[in-house]
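One structure is given here, and the rest of the page talks about it.
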Amino acid sequence: GVPMFPISGACLYPATEMQLRIHEPRYKAMVKQCIENNEIFGFIPKDDRNNRFVDTIGTCAYVKEVAEVGPTGESIIVIKGLRRFRFKSLRIQPGSFGLNYADIEFFDDDQSDDTDEYATTEGFGTELQLLAQKAQSFLGGDQHLMASAHDMSFALADALPAPQGQKIRWLKSTRTADRLNEAMEFLSNYRRE
């Protein structure tokens, strides 16, 4: 099984990064094991309101960097999302300080996903270029312009200040075009306070 890191109010997507503060003994042990053995772990979202798992989905991640280590062993790490997965149930591994583990099954976007409206042989098509321009204030510069519509869809899902339910829907979606269309709709309706 794969160790699981549940967190409220956050979603990790493939090809995106997130900074985490690690302070509980079970997660300190998990991070140490992942770094020492070059292993992955599962990042699973929990509901903001009732602290329950939102669904049986998540994203595998690896520890990209240990940014800071405190005097009591707490740390700030940077993780990077790899692939989405589904799991049936969680179990606690003996001797793991209560760490949850799960057997996972990866899933990706449908191979028949039609993103032609967003791509050309020269790179991004007009639709995706317009979307990228609208989203620049959220993405923060050219470093976030991805090599594919697929990666852009996850970068936008990560960066946009959408409600958690929308972010979970984007995580579950197996169609790049749907994520991009919903991101465009969100941007056209979004008004900064």
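For the stretch 31-50, which positions are touching a helix residue (DSSP H, G or I) at 6+ places or on another chain (Cβ under 6 Å) and among the charged types (D, E, K, R)?
D48
Go through the stretch 178-190 and count every residue that is over 18 Å from the mean Cα position of the chain (by Cα) and assigned to a helix (DSSP H, G or I).
In the first step, residues of the stretch 178-190 are kept if they are over 18 Å from the mean Cα position of the chain (by Cα); the result is 181, 184-190.
Those still in the list that are assigned to a helix (DSSP H, G or I) too: 181, 184-189.
Number of matching residues: 7.
Of the residues D55, D110, D47, only one is over 18 Å from P6 (Cβ atoms) and in contact (Cβ under 8 Å) with a residue 60 or more places away in the chain; which? First the steps, then the outcome.
Numbers: D55 fails: over 18 Å from P6 (Cβ atoms); D47 fails: over 18 Å from P6 (Cβ atoms).
The unique qualifying residue is D110.
State which residue pairs qualify: first residue touching a residue at least 40 places away in the same chain (Cβ under 8 Å) and inside the stretch 168-183, second residue open to solvent by 60 Å² or more (accessible area, probe 1.4 Å) and not in a helix (DSSP H, G or I) in any location, beta carbons under 7 Å apart, and separation of 6 or more residues or different chains.
Between residues of the stretch 168-183 that are touching a residue at least 40 places away in the same chain (Cβ under 8 Å) and residues that are open to solvent by 60 Å² or more (accessible area, probe 1.4 Å) and not in a helix (DSSP H, G or I), the close pairs are T174/D110; R175/D110; A177/D114.
Which of the residues spanning the stretch 16-62 are open to solvent by less than 80 Å² (accessible area, probe 1.4 Å), farther than 22 Å from A155 by Cβ and assigned to a loop (DSSP other than H, G, I, E, B)?
Listed by number, the residues that qualify are E24, E39, D47, T56.
Have a look at L82, L12 and point out the one that is on the phi < 0 side of the Ramachandran plot, within 15 Å of the chain's Cα centre (by Cα) and buried (at least 19 other Cβ atoms within 10 Å of the Cβ).
On the way: L82 fails: buried (at least 19 other Cβ atoms within 10 Å of the Cβ).
Only one candidate passes the filter, namely L12.
Consider only pairs whose beta carbons are under 8 Å apart and that are at least six residues apart or on different chains; among these, list those whose first residue lies in the stretch 82-96 and is touching a residue at least 24 places away in the same chain (Cβ under 8 Å) and closer than 12 Å to F41 by Cβ and whose second residue is hydroxyl-bearing (S, T, Y) and surrounded by fewer than 16 Cβ atoms within 10 Å (Cβ to Cβ).
L82/Y62
What is the number of the single condition among (1) open to solvent by 30 Å² or more (accessible area, probe 1.4 Å); (2) out of contact with any Cys (no Cβ under 8 Å at 6 or more places or on another chain); (3) modelled with pLDDT under 90 that Q164 does not meet?
In the conditions (1) open to solvent by 30 Å² or more (accessible area, probe 1.4 Å); (2) out of contact with any Cys (no Cβ under 8 Å at 6 or more places or on another chain); (3) modelled with pLDDT under 90, Q164 misses (2) alone.
Scan the stretch 68-85 for residues that are at pLDDT 95 or above, touching a Ser or Thr at 6+ places or on another chain (Cβ under 9 Å) and of a type outside the set (K, R) and report the count.
3
The values are calculated or read from the model by the stated rules, or taken from the named source; none is laboratory data. Every value quoted in this text rests on a predicted model; they were computed, and no experiment measured them. Methodologically, a virtual Cβ is constructed for each residue, glycine included, from the backbone with ideal geometry; neighbour enumeration extends over all protein chains shown. Quick note on the areas: whole protein, heavy atoms, side chains included, nothing else; ligands and nucleic acids left out. Shrake-Rupley method; radii C 1.70, N 1.55, O 1.52, S 1.80 Å.
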